[in-house]
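Have a look at the structure below before the remarks.
The values are calculated or read from the model by the stated rules, or taken from the named source; none is laboratory data. What you are looking at is a predicted structure, and each value in this text was computed from that prediction instead of being measured. Virtual Cβ from ideal backbone geometry, glycine too; neighbours counted across all protein chains shown.
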Amino acid sequence: MNKTTVNIKGMHCRSCEILVEDELLKINGVKKALVNEKKGIANVYYEGSLSHEKINQAVFRAGYSIGIKEKEPLFSKRMQDYKELGFAFLIMALLYLIGRELGIFNLSIGQGSNYGSLPVVLLVGLTAGVSTCMALVGGLVLAASARFVEKHPQASTIQKFKPHLFFNAGRIISFFILGGIIGYAGSFFQLSTTTLGLMTIAVGVVMVLMGLQLTEIFPRLGGLKFTLPKGISRLLGIKEQSEKEYSHMNSMILGASTFFLPCGFTQAMQLFAISSGNPLTGALTMGVFALGTAPGLLGIGGLTSVVKGSFAKPFFKFAGLVVIFMALFNISNGLNLSGFDVKAYLKQSKASSVQNDPNVKLENGVQIVRMTQNASGYSPNSFTIKKGVPVKWIITSEDAFSCAASIVSSKLGIRQSLKSGENIIEFTPTEVGNIRFTCSMGMYSGSFNVVDEGTSSNQPVDNLPIAAASGGSCGGGGGSCGCGQKPQRQAALDSDKTPPATAEVKDTVQVLKAVYTVADDIIPNKFTVKSGNPVRLDIEAKEDGFGCMGSIMIPGLDENAQGFEKGKITTLAFTPTKPGSYTITCAMGVPKGTVIVE
C-alpha cells in the first residue's frame, strides 16, 4: 500500500478532520485517510496510482484548500482589531452602567408566592433567563453561538438559529425527566459545593478561551479547543458538511447538561423538587422552569443569528468581551463555592481580633445570630461566634425568589432554600476557624469566625454579668458559667446518694419530669430509664434561663442544647440504646445531673 502526505489549510477542529477524511475516502483506490488538524496534514494510503488533482478536488469539496498551515502570531498585527475592541469595551461598560442603574442585575419576584404554583415557577424561569442563568448558561450559549456564526458566515439565519432551538429543547426535556427523578429519589442528584465550584470554574475557563478567540486579539488561541475524540464525534454524527462542527444531537446534549450547572434559581427549583417527594411535581416544576428560561436564552441565539456584513466583526468582539466578563464572574463564584475566596480570608483575619460581636447575642446559653437575605445578598454577612456554644441562626428572607435564597455551607452540612420570613438554622461550632456560607451559585457569601471562649474580652454579653462574660468568675451560682468548677460539680454529683427519679410510662414513652430555677437549677437531677424505649424529659421553667447554666443538653443522648423560658416546658427527647451513665450538662459541658440507662 502506498502513502502520500498532503498539506491542508483552513482546518480548525476535529469535525474538519472528519469532513476531509470522508471526502478523501470517496476517491477510487484510497483505502485509509488520517487527517491531523493541528499539523495541517493528511496522510493518504492508497493502492495503484493516485491523482493529486483528485485530492485537491476532495479537499475543496470539504471546504478547505491545499497548502501549508501558517503559524499564527501571538498578538494581532491589525490595528483595526484593537480599535474595534476598544469601541466594544465602551459599549459594554455603558450597557453595564445602565443595567445597574435600572436594577436589571437584581431582578426578583418579591413575596407572596410559592414554588408550588406553576405560574410562579414560570415567572421565576423568565426572571432567571435574563439574570443569573444568563450569566452562566447564557454566557456559554453566547460564546458557542457567536463562534459558530463567525466560522460559518455563509449559513442562513435559520441555519444559525436552529442550534438554539435544539439546545433549549434538550434543556427542557432533560429538566422535565431529571426533575421527575430527583422528585422521586430525593437528593440523588445533589452535588457537593466543592464539586459545583470546580464545575463553575471549568465552565468559566472554557468561556474565557472562547471569549478571547472571539476578540481575535490573540490569533494563536484560535487553535486551542476542547473537542471530543474523533471516534465519539463520528458516533454523534458530527460529519455533515453543511453543519461542520454542529449537530442536533450535540446541541441537545449541551442543553441537557445545563441541569447540573450551579445557577442559583435552578438549584432553588431542584431543592423544591427534591423536597416535594413526588416525581410528577418534580418533573413539572423543573420542566416549566426550563421553559421559562427559554425566551432569554433564545434571545441570545437570535441576536447572533441575524449578525452579518460589516457589523459582524465589531459584534463578535463585543460578544467576546461580554463572554469574558461573564466567565470571570463565574470563576469568582466557583472559587467562592470551592472555599478559595480571598475576600473571605481577609475578613477572617480582621475578625480574629474582634472578641464580642454586636450582631451576636447570648440568650439562655445560645448564641442568637440574626441576618437578612434579599436580592442583593446577606446583611450582615460576617459574625464572630464562640466555640462550643450552640448557635441559633435566624435568617429573615425578604426575597425568597432570588439567587441568594438558596444557601449552602459545606462545613455546616447545609443546603437550604429559604422561605419568606424567618428561617432558623441551628448548629454548635466545634472547632476554632472560619465557617463560610454562600448562595448555591457562589455569588453572595458570608462567614462565621469561630473563636475560643478564652479569647473573650471584658465587655458584657447579653444576659451575662461582666464577671461571667469575662471568664473572671467561672464558678458562680446557677446562673454563671461554672467552667472552672467542672471537676467539683462532677464530684458533687458522684457523691450524691439521692435515689434517682424513675420514669412514668405513657404509651410506651418513658416520661421524666423536673423543675428549673436559677438558684437550684433542675430538680430532680438524677433519673433512671430503660434501654431501648423512647424517653421524654419535660422540664418546667419557673424562671428564664440565666447564663450558660440556663441551657441543657445530654451528650450521647440529646446533644441539641436548649434554653429555659419562664412558664414554658423545655423537652429533651431521645431513645437510649446502650446501658450506662450519661451526664446532663449545660451547653458548655458543665455537669447538671445524671441519666442512668439500665
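Structure above, values below:
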quantity: Some residue of the range 21-30 being surrounded by 16 or more Cβ atoms within 10 Å (Cβ to Cβ) and in contact with a Ser or Thr (Cβ under 7 Å, 6 or more places away or on another chain); calculated: no
quantity: Residues satisfying the stated conditions in the range 562-589, i.e. of a type outside the set (K, R) and outside any strand (DSSP E or B); calculated: F564, E565, G567, T575, P576, T577, P579, C586, A587, M588, G589
quantity: Any hit, the range 547-561, residues being under 30 Å from E431 (Cα atoms), in a loop (DSSP other than H, G, I, E, B) and of a type outside the set (G, A, S); calculated: yes
quantity: Strands (runs of 3 or more DSSP E) contained entirely in the range 359-446, each with at least 1 residues that are in contact with a Gly (Cβ under 7 Å, 6 or more places away or on another chain), in contact (Cβ under 8 Å) with a residue 12 or more places away in the chain and closer than 25 Å to M269 by Cβ; calculated: 377-379, 391-397, 406-409, 433-439
quantity: Matching residues, the range 32-69, being within 46 Å of the chain's Cα centre (by Cα), modelled with pLDDT of 85 or more and surrounded by fewer than 18 Cβ atoms within 10 Å (Cβ to Cβ); calculated: L34, N36, I41
quantity: Residue within the range 338-355 that is modelled with pLDDT of 80 or more and either on the phi > 0 side of the Ramachandran plot or in the same structural domain as P555 (by TED's automatic domain parsing) (or both) present; calculated: no
quantity: Neighbours by Cβ (under 7 Å, 6+ apart or cross-chain): first from the range 560-576, surrounded by 14 or more Cβ atoms within 10 Å (Cβ to Cβ); second hydroxyl-bearing (S, T, Y) and not in a loop (DSSP other than H, G, I, E, B); calculated: A561/S551; Q562/S551; Q562/T570; G563/S551; F564/Y516; F564/T570
quantity: Any hit, the range 498-509, residues being of a type in the set (S, T, N, Q), at pLDDT below 85 and closer than 23 Å to T428 by Cβ; calculated: no
quantity: Residues that are outside any helix (DSSP H, G or I), of a type in the set (V, I, T) and in contact (Cβ under 8 Å) with a residue 40 or more places away in the chain, drawn from the range 1-41; calculated: T4, V6, I8
